[in-house]
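Undergrad: Before I ask anything, let me first share the structure, which is written out below as structure tokens.
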Amino acid sequence: MAAEHRLFALWLLGLTLLFTTGYLVGMSRQSRRGRDWPLWRLVFWLAGTLVLVAAASPGAMRWAHADLRWHMGQHLLLGMLAPLLLVLSAPVTLMLRSVPVTWARVVVACLQSDLARFLCHPITTLMLNIGGMYLLYGTALYAASLQSPALHHLLHLHFILAGYLFCQAVLGGPDRMAARHGAGLRLGVLLAAIAFHSLLGKLAYGYLWPAGLRQPAEQVRSAAQLMYYGGDLVEMLMLVLLLLGGRLTRRQPLPLVRV
């Protein structure tokens, strides 16, 4: 499985380098047009991609495959911290400001579609994110993923994308993706995520989840504690951002692009 881990790491590294190049090109175009892009958003982008690459490196993959504690730390980085940092970098806004109008119209049409509105709804993202965790750890799915590299990496991609959609939907910005829902709904969804995440950590600790996994009990309980406390840290940070608002999550104005 080591070869598959290296291949996935190289694929993710190549993808992040490609998108980072696009991000820098977009910043350069904004500068030439006299509309400087905030440097601190670039810092968020670089930090997020660095977390992704580090968490998906061959060494991290190998350790996570052998030790549930490493896996849980990897999950927190891939599915929670990295998506939050990437959301705060507002990549969609930068892209729409930088690409030709024809391309921007296509992107805006996709973001305004019924499918996008459904996938970006806070409740949908809650089910994809937290619901996916219950499915992974409460069933034999995680144990099966250890025997299938394709399934293993597919789950990683799911948590990266689900985490990104969840952070974007709950914070309601800074990108203008689909419809922005009321602060009360977004706060309720975040509080529900905190509660369900904490409950999952307790269930994993008490019932030695993931189901069907044969690892030492103390190792499993340590991983459950990492899920419980590590998840709380990221979610509390999101709660602070949601309650205080401000420049980090304020929705960015888009160019006038009609579809």
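The values are calculated or read from the model by the stated rules, or taken from the named source; none is laboratory data. All values derive from a computational prediction rather than experimental measurement. Methodologically, a virtual Cβ is constructed for each residue, glycine included, from the backbone with ideal geometry; neighbour enumeration extends over all protein chains shown. Accessible surface areas use protein heavy atoms only, side chains included; no ligands, DNA or RNA. Shrake-Rupley method; radii C 1.70, N 1.55, O 1.52, S 1.80 Å.
Undergrad: Restricting the search to segment 181-227, which residues are aromatic (Phe, Trp, Tyr) and either over 19 Å from LEU76 (Cα atoms) or more than 20 Å from the chain's Cα centre (by Cα) (or both)? So that I can check it myself, show each step before the final result.
TA: Just the residues of segment 181-227 that are aromatic (Phe, Trp, Tyr), to begin with: 196, 205, 207, 209.
Listed by number, the residues that qualify are TYR205, TYR207, TRP209.
Undergrad: So, one more: Among the residues of segment 84-100, is there at least one that is more than 18 Å from the chain's Cα centre (by Cα), over 21 Å from GLY48 (Cβ atoms) and of a type in the set (S, T, N, Q)?
TA: Within segment 84-100, none of the residues are more than 18 Å from the chain's Cα centre (by Cα), over 21 Å from GLY48 (Cβ atoms) and of a type in the set (S, T, N, Q).
Undergrad: Give me a count of the residues in segment 192-223 that are on the phi < 0 side of the Ramachandran plot and without any contact (Cβ under 8 Å) to a residue 40 or more places away in the chain.
TA: First pass over segment 192-223, keeping only residues on the phi < 0 side of the Ramachandran plot: 192-207, 209-211, 213-223.
Pick out the ones that are also without any contact (Cβ under 8 Å) to a residue 40 or more places away in the chain and you get 195, 198-199, 201-202, 205-207, 214, 216-218, 221.
Going through segment 192-223 one residue at a time, the tally reaches 13.
Undergrad: Another one. Sort through LEU76, LEU15 and tell me the only one that's out of contact with any helix residue (DSSP H, G or I) (no Cβ under 8 Å at 6 or more places or on another chain), within 22 Å of GLY132 (Cβ to Cβ) and not charged (D, E, K, R). Explain how you work it out, then say what you get.
TA: Working: LEU76 fails: out of contact with any helix residue (DSSP H, G or I) (no Cβ under 8 Å at 6 or more places or on another chain).
Just one listed residue meets the conditions, LEU15.
Undergrad: What are the pairs with Cβ atoms under 9 angstrom where one residue, in segment 246-259, is at pLDDT 75 or above and the other, located anywhere, is in a loop (DSSP other than H, G, I, E, B) and of a type in the set (Lys, Arg)? Sequence gap at least six, or different chains.
TA: Close Cβ pairs satisfying both conditions: ARG251/ARG176; ARG251/ARG180.
Residues checked against (1) open to solvent by less than 10 Å² (accessible area, probe 1.4 Å); (2) farther than 13 Å from HIS156 by Cβ:
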residue: LEU46; (1), (2): no, yes
residue: GLY59; (1), (2): no, yes
residue: ALA64; (1), (2): yes, no
residue: ASP67; (1), (2): no, yes
residue: ALA82; (1), (2): yes, no
residue: SER89; (1), (2): yes, yes
residue: VAL92; (1), (2): no, yes
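Undergrad: Can you list residue pairs whose Cβ atoms sit under 7 Å apart, with the first residue in segment 29-54 being modelled with pLDDT under 95 and the second being among the aromatic types (Phe, Trp, Tyr) and surrounded by 16 or more Cβ atoms within 10 Å (Cβ to Cβ)? Count only pairs 6 or more apart in sequence or on different chains.
TA: Listed by first residue and then by second, the contacts come to GLN30/TRP37.
Undergrad: Right, another one. For THR16, all conditions in the list (1) over 29 Å from PRO216 (Cβ atoms); (2) open to solvent by 20 Å² or more (accessible area, probe 1.4 Å) hold save one; what is the number of the exception?
TA: With respect to (1) over 29 Å from PRO216 (Cβ atoms); (2) open to solvent by 20 Å² or more (accessible area, probe 1.4 Å), THR16 is out only on (2).
Undergrad: Does LEU237 satisfy the criteria of being of a type outside the set (Gly, Ala, Ser), touching a residue at least 60 places away in the same chain (Cβ under 8 Å), surrounded by fewer than 19 Cβ atoms within 10 Å (Cβ to Cβ) and not in a loop (DSSP other than H, G, I, E, B)? Full working, then the answer.
TA: Details: of a type outside the set (Gly, Ala, Ser): yes; touching a residue at least 60 places away in the same chain (Cβ under 8 Å): yes; surrounded by fewer than 19 Cβ atoms within 10 Å (Cβ to Cβ): yes; not in a loop (DSSP other than H, G, I, E, B): yes.
Here the answer is yes, as LEU237 does meet what is asked.
Undergrad: Also: Which ones in segment 1-25 are over 14 Å from LEU86 (Cα atoms) and among the hydroxyl-bearing types (Ser, Thr, Tyr)?
TA: THR21
Undergrad: Six or more apart or on different chains, Cβ atoms under 6 Å: show the pairs whose first residue is in segment 95-107 and crowded, with 17+ Cβ neighbours inside 10 Å and whose second is at pLDDT 90 or above and small (Gly, Ala, Ser).
TA: Listed by first residue and then by second, the contacts come to LEU96/ALA104; SER98/GLY26.
Undergrad: From the set of residues in segment 176-206 that are modelled with pLDDT of 95 or more and open to solvent by 70 Å² or more (accessible area, probe 1.4 Å), which is farthest from ALA109 (Cα to Cα)?
TA: TYR205
Undergrad: Only one residue in ALA82, ALA64, ALA140 is at pLDDT 95 or above and small (Gly, Ala, Ser), so which one is that?
TA: Only one candidate qualifies: ALA82.
Undergrad: Report yes if GLN168 is touching a residue at least 40 places away in the same chain (Cβ under 8 Å) and under 13 Å from PRO122 (Cβ atoms), otherwise no.
TA: Numbers: touching a residue at least 40 places away in the same chain (Cβ under 8 Å): yes; under 13 Å from PRO122 (Cβ atoms): yes.
So GLN168 passes the test.
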